[in-house]
Amino acid sequence: MSSPKIVLTASSTEASEYKHSIWQQMLSATVPHKYSKTFLNKVSFLNESWPDGRAKYVPNGLRMVETLLLREYSEDDVVTCYVDNLEKFIGPETKVIAIHAHNPLGISYATDVYSKLAGENLMPLNAAEFIRIVTHPVIDKYKPKIVVGGPGAWQLEKADRLDEFKIDYLIDGEIERVFSDLFQRIIEGDTSLPRLIKIPKSEQPTVEEIPVVRHRSTFGVVEITRGCGRGCQFCSPATKVGRSFPLEHIMESVRVNAREGATEIMLSTEDMFLYEQKPNFVTNTDALELMLKSVMSVEGIETLQMSHITMAPVVLDPTIIERLTPLIVPYSHVQHKESLDADHRMTDPIIGLETGSPRLFDTFMKGKAYPYKAHQWHDVVLKGMEILNRHNWFPFCTFIIGLPGEKDEDVKQSLDLLYNLRDAKGTFVPTFFVPLEDTRMSKKSSAKLIEMTDLQWEFFFTCWKYNLEFWYGGSRANAKFKLGVPLYYKMLGKRLFGDGIKYPLYRFAGLPDRFMRKHLYLDFTGRKRNRAGMKPFEKEIVPGFESVRGLNMIDASQLHHVKSKLNVETVNASGD
């Protein structure tokens, strides 16, 4: 039997569907490879293959490459498999192995930080998996061209490791418009083709040029939008024009995944509220309702996952959440005891809160709050979180530590925001600033764990204190850490990061705040400060704009203008 011309693959961590959890997939990738067998269940990376050895599911980006290739080649010539099956397919006739690279060196916002808590030179698991692919003996034996692409491909260029891994071509950018000609030249060995292939934004495809994938993606990912346009300087999609996929394109993608065994669909978007958006980022709730109902009508689809949303639309029009909740929460596989849903179901979309500093917010991401201003960001977050929580939306919120120019006062403002979220239901994940390629901040310096200030450590571990309590409950969570955390500090943490980590770590472990309030900025005993924050709320859902009027975030004339756009009841100047 002859070998296929082209073999496609991705690392096991990037392909994993274990427990249908993006959260677990991301965390597992941050574990140092050295300790992965100790901390991780091997079953979580045993992905499913078809009887012939082809992969049942891989990242959606790799499925797109496969789909584009299948326009020119047969299924016999194009095979997608996991690393454990490379020997089954790569052979004398194989011309190219194409590797999906989401985070090949483990230097994304989260991975590089968390792996280094155990030591500066430890390699994250997903970096080790990438190296396992490119150094596989069967590649060395038959020497096909190695082509790498995906959202993390830039890491290999930045680290100058193309020669080390014998990578022939590195592709960076949206490929649909140029792929056919590009890959043909690679196959033919066109010597005029540069090793670094950067596809310019001028070649950004329209949604009509993006095909429906041929086979199932990990998590049943279905794109509903691409790009964003809000302009956050640290984010690549934010600099690209937002595009919404036609409903029939979305539906066919859902049907493809369902036919190949997917029972869950994840709607992939930079912001769900941008789907078929109206002018000025106004949410098209009617279009969202139709799309969600259509997706869940497909036979075989049982559950639904969200990806990203933004907070400002939630505050601007809380009826969005009221209308979408019945179409999302009952179909989530995620449950939490504090959910008021009949089955305790909740949805956990990703929201980038990024910072509590109005100064940094205004500098790097002011479009994220539109139509509100940077100085209103705290109020937007608190009110938005209240609205979301009332409807059993318990979001996965990210913060960025170490934005360029961040000062102690900025971190204190982020800590103030975190303190005011102490009654919120959600997950708060601190990440570190990384200058991603194709962003306005690509030339800036990365934040470094070794340079963390005492206040930044406090922010970091206060986030994780919240998360332990939210997911596991106070006493149960603390029991696991009261002994282990002090041992970590004495044996490793102090040597790696100094004394500044001590009290934040002890708070994380559950040591009572009365022993630490003199050493930390925040005081959860309430003696130092008494901020309002989020208050525990009654079970009843507050209708529409009632909950927004008392916030005084936009004046009556603005509210009239916005509500007119949304075709909802207009209020007069007194707010009646």
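Below is a table of values for the structure above.
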| quantity | calculated |
| --- | --- |
| Subset of the stretch 294-327 [in a helix (DSSP H, G or I), closer than 22 Å to Leu353 by Cβ and in contact with a His (Cβ under 9 Å, 6 or more places away or on another chain)] | Ile321, Leu324, Thr325 |
| Counted residues, the stretch 506-517 - those being at pLDDT 90 or above and farther than 15 Å from Tyr466 by Cβ | 1 |
| Arg243 over 18 Å from the mean Cα position of the chain (by Cα) and within 28 Å of Thr398 (Cα to Cα) | yes |
| Filter result (among the basic types (Lys, Arg), part of a strand (DSSP E or B) and touching a residue at least 40 places away in the same chain (Cβ under 8 Å)) within the stretch 203-257 | Arg226 |
| Single residue of Leu388, Leu353 found to be surrounded by 24 or more Cβ atoms within 10 Å (Cβ to Cβ) and either out of contact with any strand residue (DSSP E or B) (no Cβ under 9 Å at 6 or more places or on another chain) or not assigned by TED's automatic domain parsing to the domain that holds Asp408 (or both) | Leu353 |
| Segments classed as strands (runs of 3 or more DSSP E), wholly inside the stretch 1-111, with at least 1 members that are touching a residue at least 12 places away in the same chain (Cβ under 8 Å), closer than 24 Å to Asp140 by Cβ and among the polar types (S, T, N, Q) | 6-9, 78-80 |
| Residue among Leu421, Leu449 that alone is buried (at least 20 other Cβ atoms within 10 Å of the Cβ) and either in contact with a helix residue (DSSP H, G or I) (Cβ under 6 Å, 6 or more places away or on another chain) or among the small types (Gly, Ala, Ser) (or both) | Leu449 |
| Residues being of a type in the set (S, T, N, Q) and modelled with pLDDT of 95 or more - total across the stretch 119-168 | 1 |
| Segments classed as helices (runs of 4 or more DSSP H), wholly inside the stretch 119-182, with at least 2 members that are among the small types (Gly, Ala, Ser) | 125-134 |
| Residue in the stretch 262-274 that is modelled with pLDDT under 95 and in a helix (DSSP H, G or I) present | no |
| Flag for Gly261 being surrounded by fewer than 18 Cβ atoms within 10 Å (Cβ to Cβ), under 24 Å from Thr431 (Cα atoms), in contact (Cβ under 8 Å) with a residue 40 or more places away in the chain and not aliphatic (A, V, I, L, M) | no |
| Answer residue from the stretch 56-104, given it is hydroxyl-bearing (Ser, Thr, Tyr) and buried (at least 21 other Cβ atoms within 10 Å of the Cβ) and is farthest from Ser11 (Cα to Cα) among those | Thr94 |
| Any chance Gly405 is at pLDDT 95 or above and surrounded by fewer than 20 Cβ atoms within 10 Å (Cβ to Cβ) | yes |
| Residue ID - modelled with the lowest pLDDT, chosen from residues in the stretch 215-229 that are in contact with a Lys or Arg (Cβ under 8 Å, 6 or more places away or on another chain) and either under 30 Å from Ser49 (Cβ atoms) or crowded, with 22+ Cβ neighbours inside 10 Å (or both) | Cys228 |
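The values are calculated or read from the model by the stated rules, or taken from the named source; none is laboratory data. It should be emphasised that the depicted structure is a prediction, and the values quoted were computed from it without experimental measurement. Cβ coordinates were reconstructed from backbone atoms using ideal geometry, including for glycine residues, and neighbour counts include every protein chain displayed.
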